[in-house]
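Take a look at the structure below.
Values quoted throughout were computed directly from the atomic coordinates according to the rules given, and no laboratory measurement underlies them. Only a predicted model underlies this, so the values are computations on that prediction, with no experimental measurement involved. Glycine also receives a Cβ, built like all others from the backbone with ideal geometry; neighbour counts cover every protein chain displayed.
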Amino acid sequence: MSLTATPSMVRDSTRRRKRSGTHAVLTALPWLVPTLVLILGVVLYPAALMIYTSFFKYNNRGIQRGDAPVGLDNYIGTAGALTFPGVPVGRILLNTVLWVAVVVLITVVLSLALAQFLNLEFRGRKALRLFVILPWACSVVMTATVFRYGLQENVGLFNRLLVDTGILQRAQAWTKDPTSAFWVAVFVAIYVSLPFTTYTILAGLQAVPDDVREAAHVDGADGLRRYWFIVLPLLRPAIAVAALINIINVFNSLPILRLLQETPGYHTGHITTTLMFEYQRALGPGVSSALSVLNFIFCLVIIAIYLAIVQPTKEVA
Amino acid sequence: MHVNKRVLKFGAVALAGAFALSACGGSEPAATNSEPADPGSLETTIKILAPSYSDSSQADWQAIIDKFNETYPDVDVELQIEGWDGFTDKVSARIQAGDYPDILNDNAFAASADAGILYPMDEVLSADTLAAIEPSLLANGVGTDGTQWAAPDIASARMMAYNVDLFEAAGIAEPPKTWAELETAAEKLVALGDDVRGYGMPLGREEAQVESSLWLWGAGGDWADGEGLKADTPEATEAFAQMKKMYEAGYTQANLEDNRVDIADLFQAGKLGMMMAHSAIVADAEAKGVNVALAPIPAKDGGDGVALGVTDFIVAFDNGDADRKAATSAFLDLMYSDEMYEGWYKGTGLLPVTTSMIDKGKAESDENGAAFLEALSIVKFLPVGNPAWDVLQTALQGSAYKVGSGDPAEVLAEIQAQVDAQS
């Protein structure tokens, strides 16, 4: 046999590779089917239905009115998602950006500090790690409900504490003012997002090799420089994952704002996700789907901006 | 990821629930019926969707179902009870899924009637049953097209309830009849101090439509405007201006967006002088030791005052199945029979709608209870039969509380704009 490959041999091997590729797909198929069915059933189909629904007119009981599609009426018509009278759309869009940005930023910064602390060796570290994870173990709805009742004007325990310690003169109805309720919700959202983020970063910290740090130490870098130039760059993938998941999670997080906002109607404490539910109740599934579609696009844009700025996939040398 | 886990868990619970439900469904064919009559051989499933009026609601419905199954052993009755909070969403979800309940107990019917997915009541209720319902209440279930689309199943009247002890302490001799007297009374009550409020004004999601209607009627106005409904009338502006005045003077509770329950809590704690109340609130307050008396609701210039009637309804959805329709019909006739209805309506803590039970109730109940029953024949109703009401009601629930900080005319204009945008 000669050592140079003949054209027929090359053809042969590509064909074999192709055949084995198809074969591999075929063998994998039985294992992929459940996932594919799931993606088709719970992701693609509802998304398609949502987009479809947003082009038809419904009343607020969800009964379709008329068979003809109504174009962009549900988006920008007289009763459209962006143009319905009495809805402070600009403010709500701003709220949405604030909500995601503030919650994710503060969460990540606090988590970095917490993770650094939990990475130290000290007595009772295991117990403390357990406590930090607790808010995660509680249902979000339950946590939000506890805050809602605690902040209730007449019987709320947090209010009582604030008044008794002299921080406040009078009890406040925190959850009945759109603005204060919004910031309370931001606080609660940070509280429930901390455990996951802290643990992701903690895992990242534990992957930072000791010898690299020691080498920097030997080279004379002080603590702050070691953290900034050595640890933080190595944490990049962990932070990227934590931030990305938090962005999606916080953006879609309904229960906190829904439970903590007690003001009815189209007030100035909504984000687009809660506004969607307000629309569903008042204007029916057409308009609310239209807003969902916009929401979906909005979420994609935020993630795209994030990816463009942070470039988390960029390899760290 | 924790989100996925939660979704999975939820899915598992829902699935298990669905299995449990279908497991309950299959019942054994009953012993052979001696007569070849229809009841025993009717074999189908009917679905009921009802709100929870009280802790006993499930049991109250079940009692009727058990009795029904004695005659119709092969009809499965699937009962779903949901809380009032978000009940509309549950109904919408069922409608959107095409899973119409055969029997729905709700407080609105116009949108479904308008969409043509209901049976007219005279097709499912027998003539005797229809005749047994108090005519003034039955009229409330007539749509704008003149068809009886819904039958009232429970009523409540709103009158002004006041705390007699607070009134005495403040030196108020008579319950107020005019707006001016109402202000004076509220001022005296607030002057008592100790966080006592004069008048409870719930403009939150639950009650805004009721509270604002009462003030509108007090100003001599009405929502009805020819075929449609109109919010920004001069009378409504006057009514909202008066509500704002009460709020700004500090006569009301601190947050106008409070719901009825918040106000009822204040009243039952003896911290509130006056509120528009229904029988259950009065009964609860009395049980908590508050000395309550009732009066007609004050109007701008006095006169007889107003009382508001609210009825909830039974509607029957058209599922295009003769067997289910027959079973639905038989079930509803049984439900409205004196024997079954008495226990059922008492369980709700509200007022009955059949003439025989209203008369019986008047004879049995105390002074306050009888006053509500008397009021049933003079009450004014919200325009629930008009499809536009759904829209106006939602707009009121979302915006009426803004009168506290905004200009009355502007608030009403915004409400009107929301209504117009959907017509």
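Whole-Hz ³J(HN,Hα) for each residue in region A:71-80, computed from phi via Karplus 6.51 cos²θ - 1.76 cosθ + 1.60 with θ = phi - 60°, x for glycine and proline: what do you get?
Ordered by residue, 3J(HN,Hα) equals x, 8, 3, 6, 8, 10, x, 4, 10, x Hz.
Please name whichever of B:N255, B:V310, B:A150 sits farthest to the positive end of the charge dipole of chain B, dipole taken about the Cα centre and charges placed at Cβ: Lys and Arg +1, Asp and Glu -1.
B:N255
Put one equal scatterer on each alpha carbon of region A:12-109, apply the Debye formula with no solvent term, and list log10 I(q)/I(0) at q = 0.10, 0.15 1/Å to two decimals.
-0.63, -0.87
Can you pull the semi-axes for region A:136-183, root of five times each eigenvalue of the Cα gyration tensor, sorted largest first, whole Å? Numbers along the way, then the final one.
On the way: eigenvalues 84, 34, 15 Å².
Values for region A:136-183, descending: 20, 13, 9 Å.
For region B:308-376, just the Cα atoms, rotate onto the principal axes and tell me the three extents in Å, largest first.
That gives 47, 26, 18 Å along the principal axes, largest extent first.
What percentages, rounded to whole numbers, describe P(r) for region B:355-403 computed over all alpha carbon pairs with 10 Å bin width beginning at zero?
22, 28, 23, 25, 2
Could you work out the per residue convex hull volume over the alpha carbons of the protein assembly as shown, in cubic angstrom? Mind dumping the intermediate values first?
Numbers: hull volume 188.8 nm³, N = 740.
Taking the convex hull of the Cα positions in the protein assembly as shown, it is 255 Å³ per residue.
Given a Förster distance of 56 angstrom, what is the FRET efficiency for A:R125 paired with B:S365, based on the Cβ-Cβ distance and rounded to 0.05? Mind showing how you got there, number by number?
Details: r = 67 Å, r/R0 = 1.20.
About 0.25, to the nearest 0.05.
If you take every DSSP beta bridge whose two residues both sit in the protein assembly as shown, what share of them, in percent to the nearest 5, is antiparallel? Please report the intermediate quantities before stating the final value.
Values: 27 of 42 bridges.
Of all bridge pairs located within the protein assembly as shown, approximately 65 percent are antiparallel.
If you wrap region B:110-163's Cα atoms in a convex hull and average its projection over all directions, what's the area in nm²? Mind dumping the intermediate values first?
Working: hull surface 20.1 nm².
Computed as one quarter of the Cα hull surface, the answer is 5.0 nm².
Sort all Cα-Cα distances of region B:155-257 into consecutive 5 angstrom bins from zero, then give the percent of pairs in each bin up to the one containing the longest distance.
Once binned at 5 Å, the Cα pair distances of region B:155-257 give 2, 12, 20, 22, 20, 13, 6, 3, 1, 0.
Amide H neighbours of B:L118 under 5 Å, at least 5 residues apart or on other chains, H built in the peptide plane: list them.
When sequence neighbours closer than 5 places are left aside, the close amide H contacts are B:D318.
From the phi of every residue in region B:350-362, what ³J(HN,Hα) in whole Hz does the Karplus formula 6.51 cos²θ - 1.76 cosθ + 1.60 yield, where θ is phi - 60° and glycine or proline is x?
10, 9, x, 10, 8, 4, 5, 6, 5, 5, 4, x, 4
Quick one: divide the alpha-carbon radius of gyration of region B:215-299 by 2.2 N^0.38 Å and tell me what you get.
Details: Rg = 15.3 Å, N = 85, 2.2 N^0.38 = 11.9 Å.
This ratio for region B:215-299 stands at 1.28.
Assuming 1.567 mPa s and 4 °C, estimate D for region A:61-137 with Stokes-Einstein, Rh taken as the Kirkwood radius over Cα pairs, in µm²/s.
Numbers: Rh = 17.3 Å.
Translational D for this selection: 75 µm²/s.
What nm value, rounded to one decimal, do you get for the distance between A:L72 and A:Y227 when each label is placed 7 Å out toward the C-beta?
5.0
Take the Cα gyration tensor of chain A, multiply each eigenvalue by 5, square-root it, and list the three semi-axes largest first, rounded to whole angstrom. Display every interim value, and only then the final one.
On the way: eigenvalues 357, 274, 58 Å².
Rounded to whole Å, the semi-axes are 42, 37, 17.
Loop by DSSP (not H, G, I, E, B), at most 10 other beta-carbon atoms within 10 Å: where is the longest site-free stretch of chain A for GluC sites (Glu not before Pro)? Don't jump to the answer; show the numbers that get you there.
Details: sites that count: A:E121, A:E315.
So the longest stretch without any such site is A:122-314.
Which lysines have a Cα less than 19 Å from the Cα of B:K402, not counting those fewer than 8 places away in the same chain?
Reachable lysines: A:K176, B:K230, B:K244, B:K245.
Output wanted: per-residue J couplings in Hz (rounded whole) for region B:324-336, from phi through Karplus 6.51 cos²θ - 1.76 cosθ + 1.60, θ = phi - 60°, x for Gly and Pro.
5, 5, 5, 5, 4, 4, 5, 5, 5, 4, 5, 4, 7
With +1 on the Cβ of every Lys and Arg and -1 on the Cβ of every Asp and Glu, and nothing else charged, how large is the dipole of region B:129-287 about its Cα centre, in debye rounded to the nearest 20?
Magnitude of the dipole: close to 100 debye.
If you stretched the chain out fully between A:N154 and A:L168, how much longer would it get, using 0.36 nm times the residue separation minus the C-alpha to C-alpha distance?
Numbers: separation 14, 0.36 × 14 = 5.04 nm, distance 1.39 nm.
Residue separation times 0.36 nm, minus the Cα-Cα distance, leaves 3.7 nm.
For chain A, with only Lys/Arg (+1) and Asp/Glu (-1) charged at the beta-carbon, what is the dipole magnitude about the Cα centre, in debye rounded to 20?
Charge dipole, chain A, about its Cα centre: 760 debye, nearest 20.
Taking the Cα centre of the protein assembly as shown as origin, work out the dipole magnitude from +1 charges on Lys and Arg Cβ and -1 charges on Asp and Glu Cβ, in debye rounded to 20. Display every interim value, and only then the final one.
Details: 51 positive and 83 negative charges, 1120 e Å.
That gives a dipole near 5380 debye.
Ratio of alpha-carbon Rg to the 2.2 N^0.38 Å globular estimate for chain B, to two decimals, please.
Numbers: Rg = 23.2 Å, N = 423, 2.2 N^0.38 = 21.9 Å.
Cα Rg divided by the expected 2.2 N^0.38 Å: 1.06.
Please give the per residue volume of the convex hull enclosing the alpha carbon atoms of region A:200-317, rounded to a whole number of Å³.
Numbers: hull volume 16.0 nm³, N = 118.
In region A:200-317, the Cα convex hull volume per residue is 136 Å³.
Which of B:L125, B:L166, A:T53 sits closest to the plus end of the dipole of the protein assembly as shown, meaning its Cα is farthest towards the positive end, when Lys and Arg get +1 and Asp and Glu get -1 on the C-beta?
After comparing all options, I get A:T53.
Farthest toward the dipole's positive end in the protein assembly as shown, which of A:N95, B:P175, A:W136, given Cβ charges of +1 (Lys, Arg) and -1 (Asp, Glu) about the Cα centre?
A:W136
Could you list which residues have their amide H under 5 Å from that of B:I154, counting only those 5 or more apart in sequence or on another chain, with H placed in the peptide plane?
B:D312
Enumerate the amide H contacts of B:R197 below 5 Å, restricted to partners 5 or more residues apart or on another chain; note that Pro and chain-start residues carry no placed amide H.
Amide H neighbours of B:R197, under 5 Å, 5+ apart: B:L272, B:G273.
Please list the radius of gyration and Dmax for region B:67-145, considering alpha-carbon atoms only, with Å as the unit.
Taking only Cα atoms of region B:67-145, I get Rg and Dmax of 14.6, 39 Å.
May I ask you to give the average projected area over all directions of the convex hull of the Cα atoms of region B:124-206, in nm² rounded to one decimal? Walk me through the numbers on the way to the answer.
Details: hull surface 36.0 nm².
It is 9.0 nm².
List the lysines whose Cα sits under 17 Å from the Cα of B:K177, skipping any in the same chain fewer than 8 residues away.
Partners within reach: B:K188, B:K300.
How big is the Cα convex hull of region B:272-358 in projection, averaged over all directions, in nm²?
Values: hull surface 35.7 nm².
With every direction weighted equally, the projected area is 8.9 nm².
Please state the shape class of region A:56-96: rounded when a/c is under 1.5, otherwise prolate if a/b exceeds b/c and oblate if not, all from the C-alpha gyration tensor. Walk me through the intermediate numbers first.
Values: a/c = 2.96, a/b = 2.19, b/c = 1.35.
The shape class here is prolate.
In region B:265-305, which residues have a backbone nitrogen under 17 Å from the label point lying 7 Å from B:S54's Cα in the Cα-to-Cβ direction?
B:278-289
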